[in-house]
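The values are calculated or read from the model by the stated rules, or taken from the named source; none is laboratory data. Owing to the predicted nature of the structure, the values given are computational and were not obtained by experimental measurement. Every residue, glycine among them, receives a Cβ derived from its backbone with ideal geometry; neighbour counts consider all protein chains shown. Accessible surface areas use protein heavy atoms only, side chains included; no ligands, DNA or RNA. Shrake-Rupley method; radii C 1.70, N 1.55, O 1.52, S 1.80 Å.
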Amino acid sequence: MPVSDNTRGAALMAISVLFFTANDTMMKFLFGDIPLFQAVLLRGLLCLPVITYMAHRRNQLFVRASRHDMSIVLIRAGAEVAATICFLTALANMPLANIIAILQTLPLSVTMVAALFLGEPVGWRRWSAIIIGFIGVLIIIRPGTDGFSLYSLWGLAAVACVTVRDIVTRRLSRDMPSLFVTLITAIAITSLGAVMMPASGWVPPSLTSWVILVATACVIVVAYLFSVMTMRVGDISFVSPFRYSALIWAIILGYVVFDEWPDNLTLSGMAIIVATGIYMFRRERIVAVQ
């Protein structure tokens, strides 16, 4: 049977978040051995040849793109660079499941920005879901309490940057190859590592670190590619809920690798974010068919 765009998009989303979570786990592990931006640089130097080869094989290395598409690609790359700085800073200093949970507010923030700045209609039910979802975030980060960490604000900044990335990605034309977008993004993030590394210093990586770096380079290539493809296939209201599978992987990997387990308040906040997100997606589908 032919696979529908929604089914394909859901599969791409599930694979994308799995690989991103695996990458986040390995990067967090690396931060105990080498500085953050050194890890970003080395990972980029390892994955860039792979992406370049893939783009060359598909004749997507050099693209005659419109000015509109190239502007979108560059804006997207800038947003990805800013998101990388914010997210990895939070990741290095927070439990894995907590920062992944904060990132799951992305669908809520995308809908909010689309309503406020792009004029998309959002009714009171979805506004209520957005507000309740961000209450879930407040439960996780707990401002004003002993459990609050300033690095949670870096996580929220990462959400803002990824929101910009996802909104502009939807504005790419179908003629813009996903591999080319992935390549530009990888070049931008690797350049970030090269620029920032002198400030953090250089530590000779151990053999274990090199093995993890090679693994994370392979994983991030797949994650980048699938993240672009995900936003361009299927109905966003159907595809987006599958991003919440990242929470399951984050909890499992956080416990296995770092012996981290979310407390009850954090789990409650996660449940609120997931529930409001899924409700909002269901509501969007109802509104779309009316």
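So the values come out like this:
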quantity	calculated
Residue in the stretch 144-152 that is among the hydrophobic types (A, V, I, L, M, F, W, C) and closer than 29 Å to residue 36 by Cα present	yes
From the options 65, 83, 92, residue that is among the aliphatic types (A, V, I, L, M) and crowded, with 19+ Cβ neighbours inside 10 Å	83
Residue 198 being outside any helix (DSSP H, G or I), over 30 Å from residue 139 (Cβ atoms) and open to solvent by 50 Å² or more (accessible area, probe 1.4 Å)	no
Cβ-Cβ under 6 Å pairs, at least 6 apart or on other chains, the stretch 37-50 side touching a residue at least 40 places away in the same chain (Cβ under 8 Å) and closer than 13 Å to residue 203 by Cα, far side in a helix (DSSP H, G or I) and open to solvent by 10 Å² or more (accessible area, probe 1.4 Å)	37/196; 37/197; 37/200; 38/197; 41/194; 41/197
Positions within the stretch 55-86 being assigned to a loop (DSSP other than H, G, I, E, B) and β-branched (Val, Ile, Thr), in sequence order	63
Members of the stretch 7-35 found to be modelled with pLDDT under 90 and open to solvent by less than 30 Å² (accessible area, probe 1.4 Å), listed by number	9, 10, 12, 13, 16, 17
Filter result for residue 76 (within 30 Å of residue 131 (Cα to Cα) and of a type in the set (D, E, K, R))	yes
Selection count where residues are of a type in the set (D, E, K, R) and either closer than 20 Å to residue 113 by Cβ or in contact with a Cys (Cβ under 8 Å, 6 or more places away or on another chain) (or both), scope the stretch 164-188	4
Yes/no for residue 203 being open to solvent by 30 Å² or more (accessible area, probe 1.4 Å), in contact (Cβ under 8 Å) with a residue 40 or more places away in the chain and assigned to a loop (DSSP other than H, G, I, E, B)	yes
Residue within the stretch 24-40 that is over 29 Å from residue 96 (Cβ atoms), assigned to a helix (DSSP H, G or I) and among the charged types (D, E, K, R) present	no
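For (1) open to solvent by less than 60 Å² (accessible area, probe 1.4 Å); (2) without any contact (Cβ under 8 Å) to a residue 24 or more places away in the chain; (3) within 23 Å of residue 180 (Cα to Cα), each residue gets a yes or a no:
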residue: 209; (1), (2), (3): yes, no, no
residue: 220; (1), (2), (3): yes, no, yes
residue: 225; (1), (2), (3): yes, no, yes
residue: 241; (1), (2), (3): yes, no, no
residue: 248; (1), (2), (3): no, yes, no
residue: 252; (1), (2), (3): no, yes, no
residue: 259; (1), (2), (3): no, yes, no
residue: 262; (1), (2), (3): yes, no, no
residue: 274; (1), (2), (3): yes, no, no
